[in-house]
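Here, each number is a calculation from the coordinates, and none is a lab measurement. Just so it is clear, the model here is predicted, and its values are computed rather than measured. Because the Cβ atoms are built from the backbone with ideal geometry, glycine has one as well, and the counts that use them run over all protein chains shown.
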Amino acid sequence: MSYNITNLNGFLVLIAIFLVDRRVNYRGYYPMAVEQYRQYIKQIISERAQRISVPSNAVEYESHAIFDTERDRYQLLCLGWRGDERDFGCILYLNIKQGKIWIQHDCTEEGIANRLVAMGVPKQDIILAFHEPYVRQFTDFGTGDATLYEVAKMQQS
């Protein structure tokens, strides 16, 4: 019996869509995973905001934990005055895109990616976006390339 390679590829794409679709809703989001990721990120940023040390010469110094769950953007900022100099800095900036956590900026000692892995987030769902796209393939984490689901959707169009 011979198989038509076109039909076989189409069949494999359908299987891939079925397997991934069990985790994906009609908008292409991963609702259970994303909601859990939101909670993890909020927890880590909140804990980190509480641990920020205020410099001895700082006036009006504070941390801001920013949670934009509608657009899935999360940030930790520090701002204030050190003597007569303004201090403003981003400690952490993450967003969630296509069911994956994109770490855009990380100025923590431990690395938020390691905390997320310890909480149970698969490494392939964490993108170290502060590395250029070509370099990401050499890390133990996700690359940010199109997912199998996205590739299958593009082939169907």
Next on the checklist: How big is the range 37-92 along each principal axis, measuring the range of its Cα positions in Å and listing the largest first?
Outcome noted: 38, 20, 13
Checklist entry - Taking N as the number of residues in the range 43-156, what is its alpha-carbon radius of gyration divided by 2.2 N^0.38 Å? => result 1.27
Next on the checklist: Eigenvalues of the Cα gyration tensor times 5, then square-rooted: what semi-axes does that give for the range 68-123, in whole angstrom, largest first?
Outcome noted: 27, 15, 7
Checklist entry - Which of the peptides 55-66, 116-127 is most tightly packed, and how do the rest follow, going by the mean number of other Cβ atoms within 10 Å of each residue? => result 116-127, 55-66
Next on the checklist: Using each residue's phi in the range 94-104, evaluate 6.51 cos²θ - 1.76 cosθ + 1.60 at θ = phi - 60° and report the 3J(HN,Hα) Karplus result to the nearest Hz, with x for Gly and Pro.
Outcome noted: 10, 9, 10, 10, 6, x, 10, 8, 9, 8, 7
Checklist entry - Among all the aspartates and glutamates, which ones have a C-alpha under 12 Å from Lys42's C-alpha, if same-chain residues fewer than 8 places away are not counted? => result Asp68, Asp72
Next on the checklist: Could you derive backbone 3J(HN,Hα) for the range 65-76 from the dihedral phi with the Karplus parameters 6.51, -1.76 and 1.60 (θ = phi - 60°), listing whole Hz in sequence and x where the residue is Gly or Pro?
Outcome noted: 9, 10, 10, 10, 6, 5, 9, 6, 10, 9, 8, 10
